[in-house]
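In what follows, a single structure is set out as structure tokens and then discussed.
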Amino acid sequence: MKNSRKKFIISLLVLIVFLGLSLFFVKNKLTYLECTTMNENGDASIAVDCSGEKLVQEFVMPYDIMQGFSLKIGTYARDNNSEWSVEIKRADQDEILYADSFNASVINDNEYYYIKFDKNIRLNQGDRYEIIILADSVNAQTGLAFWCSDSKAAHHNGMLYFNDVPQKGSLCFKIYGGAVDYWWMGFCILIALILCLVLIRIYLLRNSGTDPKQDIVLQSIAVGFLTFLLLFSFAFVGTFTDELDNMRGGMIVARGGVLYRDYITQHTPVVYYLCAAFSLLGAGSAAQFRLCYYVLEAVIWASLYYRHERFFGKRKMLMLPILECVFISSIIPEGAYIFSDGLQGICMVALSLEFIQYYKDKKLNWDRSLIVSACIWGSFGSAFVSAYALIWVVLTVVVIEIRDWSNRKFSVKMLFGRYWRLLVA
């Protein structure tokens, strides 16, 4: 008992550390990278051609998170092998929020040079900050010209100083960043919560003398996690037109739009409504939509394992999601995207499993009726062409039912008693 409690406490502490690290790494994660042009009126320039010289550009931060900035720089069409440093500070404070360096030999003449931070930094939108550019190793042959405006109207971005001397205008520069997205934190907390519930169940099972490895609930959750992990790597890879169509339609529906009126499409509606549910949960990018979909798919495969493992066996039910995740995605690179074909396929697998079991036991109870109805609705509502597959299942069931009724006495009461659940579902 004490050993079990000790393992539980250690596992719980590891989970807390995992959650803390996850929240630390995703707190500044950008869902969308945005760009704000602070000044593009480059009718003048400031030549910096001596080590120790300094440019300071004040600006009002347009975002909560900053990923970098770009400056329009002239190199005089030469290879400027010079060393420079950049710093980000809050205006009127000495604390350096970010520091980096670059070599000017990689800069193209009279173009914007993007200085991307090695990590996103959290700032306060609307506060004033400074970009500081220091010439570390520069001479007359390797100096740079920093384009700027020659107008006081540009001072809405803040003052520009060259060697602590105020200048008329403002540097030509852009700020890259975006808004804080708490969806990532919520997703990490959800995963940690599921793992915590798993640990609690393992602890309770061990205390009751039951082997957790034999617990069907934990086995089902393990299948779900395996499914999710196999799909996870596809969440951040590429996009496809049909998938983006589903996401955009879902976002419009989530914001009160009406499908086929506010968003014209020739596709059936189920995947749009599914994406609308994901959008209501905060999803706003392709990766977030896919992760929501992968969680749903993991839940479906875990539920199928829980329902059918006694009939088909553990190995067969484990192989189904592995084959679906690995082989389909290997043959078709877009196989892990949010397509109507994917949802239709899962519904058809679930329907086929129910059909095989029905063929053996001939039962039409509540749970089977509800699952069959959901599979038909989900499959046909995702892709109209699924009718060509569904019709054969329906016809086969009709033939089997007619054959069975021919061998027993027929009555309306018996007919109603057998099919009323299916009709209601």
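Neighbouring Cβ atoms within 10 Å as the yardstick, rank MET317, MET61 fewest first.
Numbers: MET317 22, MET61 19.
So the ranking, lowest neighbour count to highest, is MET61, MET317.
If contacts are Cα pairs under 8 angstrom and at least 6 residues apart, what is the relative contact order of the stretch 282-425 in percent?
21 percent.
Suppose the chain between THR396 and ARG5 were pulled fully straight at 0.36 nm per residue; how much longer would it get relative to their current alpha carbon spacing?
135.4 nm
Starting from the amide H of GLY68, placed 1.01 Å from N in the peptide plane, find each other amide H under 5 Å away whose residue is 5 or more places distant or on another chain.
PHE117, TYR176
Given [x] 104, 62, 36; [y] 147, 48, 33; [z] 163, 45, 33 as candidate values of Cα extents along the principal axes in Å, which corresponds to the one derived from the coordinates?
It is the value labelled [x].
Could you give the longest part of the chain that holds none of the chymotrypsin sites (Phe, Trp or Tyr not before Pro) found in DSSP loops with at most 15 neighbouring Cβ atoms within 10 Å?
261-409
Per residue of the stretch 276-288, in order, report the coupling 6.51 cos²θ - 1.76 cosθ + 1.60 (Karplus, θ = phi - 60°) as ³J(HN,Hα) in whole Hz, putting x for Gly and Pro.
5, 5, 5, 5, 5, 7, x, 5, x, 9, 4, 4, 5
What whole number of Å gives the distance from the Cα centroid of the stretch 189-245 to the Cα centroid of the stretch 366-425?
What the calculation gives is 33 Å, centre to centre.
Here, each number is a calculation from the coordinates, and none is a lab measurement. It should be emphasised that the depicted structure is a prediction, and the values quoted were computed from it without experimental measurement. Note that each Cβ is placed from the backbone with ideal geometry, even for glycine, and that neighbours are counted across all protein chains shown.
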